[in-house]
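Below is one structure; the comments refer to it alone.
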Amino acid sequence: MHLNRFRKFTLLALLTSAYAIPAFAEDMSSSSFSPDMGKLLATGGVSSVEGAAGGGITPWALISGYGTRDSYGANVHYTRLKTSDFSLDTYGAAVGIMDRVELSLAKQDFEGKDGPLNGLKITQDIFGVKVKVAGDAVYDQDTWMPQVAVGAQYKRNKGLSGIINAPVTALGAVKENGVDYYASATKLYLEQSILANLTLRVTKANQMGILGFGGDLHDRYKPLVEGSIAYLLNKNWVVGTEYRMKPHNLSADNEKAYYDLFVAWFPTKAVSITAAYANIGSIAAPETMNKDDQKGLYLSLQAGF
């Protein structure tokens, strides 16, 4: 899809949701509109490191929470990723309304733990909105149609602290803040116990925005592919893998793709725990002496309804 058309399509869907939200609010004020937790276990996904429902590193078309089309759901999450030289802590909340609209908020705290960047801290806030525009992952079992959603994430980088106090543009980024746009298609094959997801994201973000937006190599939106596949061992356990393409905008950051292998446990609809082995590639230039492959353990806890 042409980039301008993609962005217009995403914005149109998001504007449509803005008109729909007042109607949701009116329904919420009635006594009959209450959390029903009526969706199947695990069909709200888990919280990604950017706050949206899906896998750990990429959003899915699923809407957060267990509220059905006549209800709503919400959750909070905390995630920690520790690699060879860095750590990333993410915490936030998401609300799913009528299994149609998702609103999310996440805060990321990134910190250097070894080498010349030891003590470097970067904080970023992410505000997200997602709208389901077609299909249903559960009820469309007899068709090829996936559930499709479009979304946007506004990312506000709050700058560098610790060993240096400066805006993130001091590292070569063109802008401190930016917006990612994406479209996700998620297909759930209940009989085969398989979930497949494909996401197309257009972005200028360096390392999800932690290192700002745009750079000396590129300063334009790029379409990038993200994918996930998961297998449901039983109703409580899910294993899978994810892959996420990344841009390379900064000569000071040899950015590479992310991927992970994960296992998620859903003991109840109220709680889920996700553990993963993640590789987020290279962060910063070779002269910083940080390892070229930043890999380590990922652990996320989500609670809600």
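The values are calculated or read from the model by the stated rules, or taken from the named source; none is laboratory data. Here the structure is a predicted model, which is why all the values come from computation and not from measurement. Glycine also receives a Cβ, built like all others from the backbone with ideal geometry; neighbour counts cover every protein chain displayed. What goes into the accessible areas is simple: the full protein's heavy atoms, side chains included, and nothing from ligands, DNA or RNA. Shrake-Rupley method; radii C 1.70, N 1.55, O 1.52, S 1.80 Å.
A few points about this structure:
- Alpha carbon convex hull of the range 114-153, volume per residue in cubic angstrom: 138 Å³
- Among G96, G112, G51, the largest mean-square fluctuation in a Gaussian network model of the chain, built with springs joining Cα atoms closer than 10 Å, belongs to G112.
- With kT/(6 pi eta Rh) evaluated at 25 °C and eta = 0.890 mPa s, and Rh the Kirkwood radius from Cα pairs, the chain diffuses with a coefficient of 126 µm²/s according to Stokes-Einstein.
- The chain, relative contact order in percent, only Cα pairs under 8 angstrom and at least six apart counted: 16 percent
- Using the empirical formula 2.2 N^0.38 Å as the baseline, the Cα radius of gyration of the range 82-125 reaches a ratio of 1.61.
- Placing R0 at 25 angstrom, the Cβ-Cβ distance between N165 and D292 gives a FRET efficiency of 0.35 after rounding to 0.05.
- Net charge over other residues, Cβ less than 10 angstrom from the Cβ of V225 (K, R count +1; D, E count -1): +1
- Highest-fluctuation residue, P223, P146, P116 considered, GNM on the chain with Cα pairs under 10 Å: P116
- Surface accessible to a 1.4 Å probe, S34 within the full protein complex, Å²: 50 Å²
- Inter-label distance for A196 and D70, nm, one decimal - labels placed 7 Å from Cα along Cα-to-Cβ: 3.4 nm
- Here the chain is treated with +1 on each Lys and Arg Cβ and -1 on each Asp and Glu Cβ, and its dipole about the Cα centre works out to around 320 debye.
- Placing a pseudo-label 7 Å from each Cα along the Cα-to-Cβ vector at N177 and F305 gives an inter-label distance of 3.4 nm.
- Exceedance of the 19 Å cut-off in Cα-Cα distance is limited, within the set K130/K175; K39/K235; K158/K246; K187/K269, to K130/K175; K158/K246; K187/K269.
- Element breakdown for the chain at a 1.4 angstrom probe: carbon and sulfur atoms account for 62% of the accessible area.
- Debye log10 I(q)/I(0) for the range 140-202, one point scatterer per Cα, at q = 0.13, 0.30 Å⁻¹: -0.57, -1.17
- With DNA, RNA and ligands ignored, accessible area of F86 (1.4 Å probe; Å², nearest 10): 0 Å²
- Set the Cα radius of gyration of the range 80-182 against 2.2 N^0.38 Å, with N its number of residues, and you get 1.41.
- Cα long-axis angle, helix 3-28 against the chain (0 to 90 degrees, to the nearest 10): 50 degrees
- Most fluctuating residue given options R220, R80, R100, as computed from a GNM of the chain linking Cα atoms under 10 Å: R220
- Rounded to the nearest 10 Å², the accessible area of H77 at probe 1.4 Å: 10 Å²
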